[in-house]
Amino acid sequence: MKADADQSFIAEALPAFISEAEEQLGSLEQLLLQLEDTPEDRELLDALFRCAHTVKGSAGIFGLDAVVAFTHHVESLLDRLREGQLRLTPALSTLLLRCNDQIRLLVDQAGHPGREEPAGAEAERAALVAQLQAAGAATAGAPPADPARPATAAAAPAQGGTPGAAGDRAWHVSVAFGSETFRNGMDPLALLNYLRGLGQIPQLACDIEAVPALEALDPEACHLAFELALLTEAGRDEIEGAFSFVREDCQLHVLAPGATPDDYARLIEAMPDNPRLGDILVASGAITRAQLQQALRAQGDAAASGAPQPLGEILQLTAGVAPQIVAAALNKQSRSREAASGAPAAAEETGGRFIRVQADRLDAVINLLGELVIAGAGANLLARQTKHGALIEANGQIGRLIEEIRNGTLQLRMVPIGETFSRFRRVVRDTAAELGKDVALELVGGDTELDKSMVERIADPLMHLVRNALDHGLEPPAQRLESGKPAQGRLVLSACHESGSVLIAIEDDGRGIQRDKVLQRAWERGLVEPGVRPADEDIDRLIFAPGFSTAEKVTNLSGRGVGMDVVKRNIEALRGTVTLRSVPGAGSRIEIRLPLTLAIIDGFLVGVGSSRFIFPLDAVVEVIEPRGALAETDAHGRRSVELRGQVLPVVALRALYGLGGDEPVRPSIVVLRAGTRRFGVLVDQLLGQHQTVIKPLGRMFRSLRGMAGSSILGNGEVALIFDVPALGQLAEAPPALHTPPHPVPHHPGRGAAVPATVPHEGQAS
């Protein structure tokens, strides 16, 4: 029965492990790519090791022996890196990235036990293990080290090092157990007894600085920390293996015999705070308790003779403590004293906790919130119809609370786009190497937040655009040098908030769009009438045509004509737009504009005849009343008004969608902003601000130009939501040739529906 219960628990917990392992492996990959720029960064190296160790330890709990065995080899090499025995080179980074891919494959296989492993995967792992072992045998400028045999360091004291508690033959082990150690069923005493079985422990000290006052003591929480010297013939792996079951819930530092002063300084930096200098040095193993007592007596004698001397200087003279060790301990002491003054605030600050919430649960809350917004709008409408002051005031308060709940809830779905951007470090690295190009990737605006659903759906279009820039945009180093450019190409991936939307840009300094080549291919395929040369912007847009490609041959990167049209279609499905600007010989810039959220927005409600429309409030600049009739500015019938000395293009919704009804006596023009351009929309009525729950258009109306979705008003009517960038294009284009002469059909109780006939993607606008 117990075995069945254990299996049931493992089956339930396995998805959580896989999710966490994928996060750790993603972090491992990004850390490796960051370390290529700063290979000596100790914090990154430690974080890299922790990622691998976490995956290995968690996999062991679930009995995933294949993951544990392979990850162990990776972990051993990472340990040599963080200990300074190896230096991270591009070749070693490539090896570790390939190993990370294999660990990810094994984790994915654990989540899908019935799925067959790709052919040759096991052989590839065996080859990678051999490469890991070969790489681990080569230390930085020294012969291979044997981790099973502790090195002697008799020269360390002579060089200003520290003999430690048991001389240069002892390992120093520093361990601070986490608060959950007892609750997880672990016994620190049993772990220490295991270490005693490996050799002798001539010195053992318990650090109780972290133990709270009795009234605040949780008897189930562990606050113990130990510093000990260990005389043993065992190696580092065996010593650290004693703590494998508590590694993620403790701070562990193991110093080999004859450790350098810098090693002790790093250990002191990682130790718990302690306001006493002597205790810090004893706890780190830099001196013994007897050496400290001797130094304190010498300090007392010096003070009695009228010549006080700092304890650190005395220890340097009497115990041979290196100056950098004393400096590290003094820094630790000063920070401990500073932290003591602000301890209550710090405790309050660190009291928060993160929780995991399933995405579908959050989506359900968002959907219910949308219905609450609609119901609140209906209640507010009824309250205004009754003209009851107290009821109107109560509904106003409810509306404000709903708005606060809306803003707070939607903020839960907002995530930085930087994590998505970081994935492309690996893509650029590998693709550039495959193409024989030298490319520097620059990421800008990674803290820009976007709706989680959008972040997930934008990753694939961005992948196509980045690979396209690497393949078609950036030249090989030889060609760049010939054209007077640096050999290394530049690719910039940026994001920022602009006018209530998110602007994502992919920019390179490559060759730009080869318009003659694009036009020739368009003539061949019949996309453009032979001999006709459109405007440069129109030629650039041809690359988004379905099946269009200028590649001379098909490769694994391009040539099939599949990609850019899919990018455009996927972005438009998110109510976004994509534009391309290119300068021959200087590079290209592709801009993607996306709304901040797909769920709920603040809208501006207007009326044209019996129909209702909504503009995103962030896009509304101002409202004006035109003086006199709208002027005809060209032969195509495009309308405009003069606004503060500038010509403002205007689109009339009544004419565009064939809406019936009488012309208003005093129409209004809503001035909108789409990126850097402004235009106006002629409407009959201004109905004010409206919290808008975005509903997708039905299949029948998805091709409706200028529309992004629909919403339900408080009275049950349906209002269409404008796609402002698309509407701006219509404002600058000639009026539609197929404008319907009859009004929009009206449905009682449902408000205005969509026009019976409207311009579609293939029609003139």
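Using a simple spin-label model with pseudo-atoms 7 Å out from Cα toward Cβ, residue 101 and residue 444 lie 3.1 nm apart.
Pulled fully out, how much extra length does the chain show between residue 621 and residue 262, if you take 0.36 nm times their separation in residues and subtract their Cα-Cα distance?
Difference between extended and current length: 123.2 nm.
Under the rule a/c < 1.5 gives rounded, and otherwise a/b versus b/c splits prolate from oblate, where does the stretch 415-595 land using the Cα gyration tensor?
oblate
With semi-axes defined as the square roots of five times the eigenvalues of the C-alpha gyration tensor, the equivalent ellipsoid of the stretch 354-417 measures 31, 11, 8 Å, largest first.
Across all directions, the shadow cast by the convex hull of the stretch 408-504 built on its C-alpha atoms averages 6.8 square nanometres. Estimated from the Cβ-Cβ distance and a Förster radius of 56 angstrom, the FRET efficiency linking residue 69 and residue 642 is about 0.15. Taking each residue as 0.36 nm, the span from residue 586 to residue 524 lengthens on full extension beyond its C-alpha to C-alpha distance by 19.6 nm.
Here the label points at residue 404 and residue 435, each 7 Å from Cα along the C-beta direction, are separated by 5.2 nm in the simple model. Given R0 = 22 Å, the distance between the Cβ atoms of residue 297 and residue 251 translates into a calculated FRET efficiency of 0.10. For the stretch 43-120, the equivalent ellipsoid built from the Cα gyration tensor has semi-axes of 24, 15, 9 Å, listed from largest to smallest. Look at the alpha carbon pairs under 8 Å that are at least 6 residues apart: their mean separation over the length of the stretch 359-413 gives a relative contact order of 42 percent. The distance between label points at residue 371 and residue 535 comes to 4.8 nm (points 7 Å beyond Cα on the Cα→Cβ vector). Once the Cβ-Cβ distance of residue 663 and residue 414 is raised to the sixth power relative to R0 = 51 Å, the FRET efficiency obtained is 0.75. With distances taken between every two different alpha-carbon atoms, the stretch 2-136 has a Kirkwood hydrodynamic radius of 15.4 Å.
Computed from phi, the 3J(HN,Hα) profile of the stretch 453-461 under the Karplus parametrisation 6.51, -1.76, 1.60 (θ = phi - 60°) reads 4, 5, 4, 5, 7, 8, 4, 5, x Hz, with x in place of Gly and Pro.
Each value in this text was obtained by applying a stated rule to the coordinates, not by laboratory testing. Since we're looking at a predicted model, the values are computed, not measured. So basically every Cβ, Gly included, is an ideal-geometry build from the backbone, and we count neighbours across all protein chains shown.
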